[in-house]
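Read-outs throughout are calculated quantities, based only on the coordinates presented, and are distinct from any laboratory measurement. Nothing here was measured: the structure is a model prediction, and the numbers come from that model. Counting neighbours? That spans all protein chains shown, and the Cβs are built from the backbone with ideal geometry, glycine included.
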Amino acid sequence: MTAIMISSDGTSHHHVDFTSHHVALRTTHNGPDAHIVCLLGVDSSINHTADMQVEGWKEKVQTV
């Protein structure tokens, strides 16, 4: 792995908040300058605050 980018996005449906987490990696494993994008999951969340987003990432990192 030569680079990593993390991303999350949130939405709500019927007053329930959901957050998705994504990771994009640049790697040489699949050839020169190859990229891999992984969806780490979509989970319900209490709200879309920055604090909750950080907590969501902490939980995701522990499960990977």
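Observations on the structure shown:
- Pairwise centroid distance, computed over Cα atoms, of region 39-64 with region 5-38, Å: 12 Å
- Length gained on full extension, V23 to D51, computed as 0.36 nm times the residue gap minus the Cα-Cα distance: 8.1 nm.
- Mean Cβ neighbour count within 10 Å, used as a protection proxy, ranking 3-14, 34-45, 18-29 highest first: 18-29, 34-45, 3-14
- Cα pair count fraction exceeding 16 Å, expressed as % - the chain: 51 percent
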